[in-house]
Amino acid sequence: MTCDSGERKHNKESCMPQFSITPYKARLKSTSPHLASVLDWGLFPSCSERPKVWFRGVRSSKFRHVYGVPFKRERCYDNIKITRNAHDSNFCAVNPKFVAIVTEVAGGGAFLVLPLDHTGRLDFNASRVTGHKGPVLDIKWNPFNDNIIASCSDDCTVKLWHIPDGGLSMHLTDWLVELHGHKRRVAYIEWHPTAENILLSAGFDYLIFVWDVGKGEAIKVIDCHSDVIYCMSFNRDGSLIATTSKDKKLRVIEPRRGIVLSEGQCHTGTKASKCTFLGSQGKVLTTGFSRYSDRQYAVWDQHDLSKPLLCETIDSSSGVVFPYYDYDTNMVYLAGKGDGNIRYYEVVDEPPYVHFLNQFLSGNPQVQVTEKCQKTSANQNTKFHQLQRMFGKQTGETEPVPLYKQINQGDVFNTEHELRLAFNRQGEELRIVKRQLQLSQQRVRELEQHIASLQTRLQ
């Protein structure tokens, strides 16, 4: 491009060289005709259209380094013939004293109760709890008494048993209380977390019975379900229960009046779904299956069950996933039946509400998982939760240990459950003392009136 020197002096702008810059997309089209159609599809957006991606870093969490440690073989229980029942309930239960395991027997139902420190290989003829006429479907320890365990069975009954300290020396056939009311087999039982002697039972007759086991009678029957109940769970203070059922619905129920407070469509799969309350956050977590048989977990607002706040796919395995929530750490554990791993997540108040932390991996697929709250001691890595796994013909244990912090105090810290039990006992003692004080004050007034009447007679 040329420009005259005279014109350059008068019109400098017009004399500036004009370059024709071919756009990047156009040059690609000219050099590679095969890319022309791809570029026209908009698979390569321009710089102005590209979203700005910022590096967010690693999410801060106190439990990011939690991991699971299986106990050594000498601290496991071996030679146990675990039940082969396909029912999706708790076939094992553990408390600070004992571990109970439903066993495979002929001609009725039985379960084994062992002290926690009696590990190793067991005798095939070890003492069992026998008394049900049908297979035992669920067992739960009383949270207020470590020596009382409840069991439900295919024989339509719920029984309570007393286990002496040190374990059983012979087969236990005498129960404390037998509860009758269900017309079909009883599938699940659940103790009230804050009220002593209150037990819930759910049967295949679509009914939930609220029992006062101290009196041995039902105080409420909840009949709001139209199909088989898959799961029931109390909230933190026992004022609400959440249930899932075969009609694919999630319900939040007020048990005192037996009314449904909220209801919504849950997981669309045909297999069983489970649920648990997430502490005092007003949320419910469920596990289940999609219509394509993918395993899922979802978070719901307990006041509005019309749609989930979060729904995530776990994997495509076929085992039912059981959720276990730890109130003290706001962590939830997902353990699938037949899996060799246990996933654990941290629960927060803001979206997305659940954050994956890690998983415990094992080469042995688990039959059932149960939980045991554990005290934490100082000057050690904190053991905040303990899970009991059953696999094959032995049971093992895993205990996730957080490494984020050392405790410098010499105290022993109680769990929230233990604090609630102490609070309830002190509250009951306070009510008794107040009642005695009222009776004493009434007696003082009666004596004063009697003395006054005697004085008038003497005058």
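Details
- So Lys220, is it assigned to a loop (DSSP other than H, G, I, E, B), basic (Lys, Arg), over 19 Å from Ala93 (Cβ atoms) and free of Cβ contacts under 8 Å to residues at least 60 places away in the same chain: no
- Leu387 meets each of the listed conditions (1) modelled with pLDDT of 85 or more; (2) surrounded by 15 or more Cβ atoms within 10 Å (Cβ to Cβ); (3) not in a loop (DSSP other than H, G, I, E, B) apart from (1).
- Tally of residues being in a strand (DSSP E or B), within 23 Å of Thr370 (Cα to Cα) and of a type in the set (A, V, I, L, M, F, W, C) across region 305-359: 12
- Set Gln366, Gln359, Gln455, Gln436: member being modelled with pLDDT of 80 or more and exposed (fewer than 10 other Cβ atoms within 10 Å of the Cβ): Gln455
- Residue that is surrounded by the fewest Cβ atoms within 10 Å (Cβ to Cβ) [pool: residues in region 178-217 that are of a type in the set (Gly, Ala, Ser) and not in a loop (DSSP other than H, G, I, E, B)]: Gly203
- Residue list for region 84-100, restricted to those being within 21 Å of Ser233 (Cα to Cα) and outside any loop (DSSP other than H, G, I, E, B): Cys92, Ala93, Val94, Ala100
- Restricting region 131-152 to residues that are among the small types (Gly, Ala, Ser) and either modelled with pLDDT of 95 or more or surrounded by fewer than 17 Cβ atoms within 10 Å (Cβ to Cβ) (or both) leaves a set whose member that is nearest to Thr194 (Cα to Cα) is Ala150.
- Filtered residue count, region 230-242, keeping only those that are buried (at least 23 other Cβ atoms within 10 Å of the Cβ) and in contact with a Phe, Trp or Tyr (Cβ under 8 Å, 6 or more places away or on another chain): 4
- If the condition is being among the aliphatic types (A, V, I, L, M) and surrounded by fewer than 22 Cβ atoms within 10 Å (Cβ to Cβ), then region 95-109 contributes Val105, Ala106.
- Here Val347 fits the description: β-branched (Val, Ile, Thr), surrounded by 19 or more Cβ atoms within 10 Å (Cβ to Cβ) and in contact with a Gly (Cβ under 8 Å, 6 or more places away or on another chain).
- Counting residues in region 175-184 that are within 22 Å of the chain's Cα centre (by Cα), modelled with pLDDT of 95 or more and under 15 Å from His132 (Cβ atoms) gives zero.
- Check on Ser280, hydroxyl-bearing (Ser, Thr, Tyr), assigned to a strand (DSSP E or B) and at negative phi: no
- Here Ala272 meets the list (1) under 30 Å from His118 (Cβ atoms); (2) in a loop (DSSP other than H, G, I, E, B); (3) among the hydrophobic types (A, V, I, L, M, F, W, C) almost entirely, failing just condition (1).
- Cys275 vs. criteria modelled with pLDDT of 95 or more, within 24 Å of His355 (Cα to Cα) and surrounded by fewer than 17 Cβ atoms within 10 Å (Cβ to Cβ): no
- Under the condition of being among the basic types (Lys, Arg), crowded, with 18+ Cβ neighbours inside 10 Å and more than 25 Å from Leu361 (Cβ to Cβ), the residues counted in region 287-336 number 0.
- Asp117 vs. criteria in contact (Cβ under 8 Å) with a residue 40 or more places away in the chain, part of a loop (DSSP other than H, G, I, E, B) and either of a type in the set (D, E, K, R) or touching a Ser or Thr at 6+ places or on another chain (Cβ under 8 Å) (or both): no
- Residue match in region 394-401 (condition: modelled with pLDDT under 50, under 27 Å from Arg121 (Cα atoms) and among the hydroxyl-bearing types (Ser, Thr, Tyr)): yes
- Asp247 being closer than 17 Å to Leu305 by Cα and surrounded by 15 or more Cβ atoms within 10 Å (Cβ to Cβ): yes
The values are calculated or read from the model by the stated rules, or taken from the named source; none is laboratory data. On a predicted model such as this, the values are computed, not experimentally measured, just so you know. Methodologically, a virtual Cβ is constructed for each residue, glycine included, from the backbone with ideal geometry; neighbour enumeration extends over all protein chains shown.
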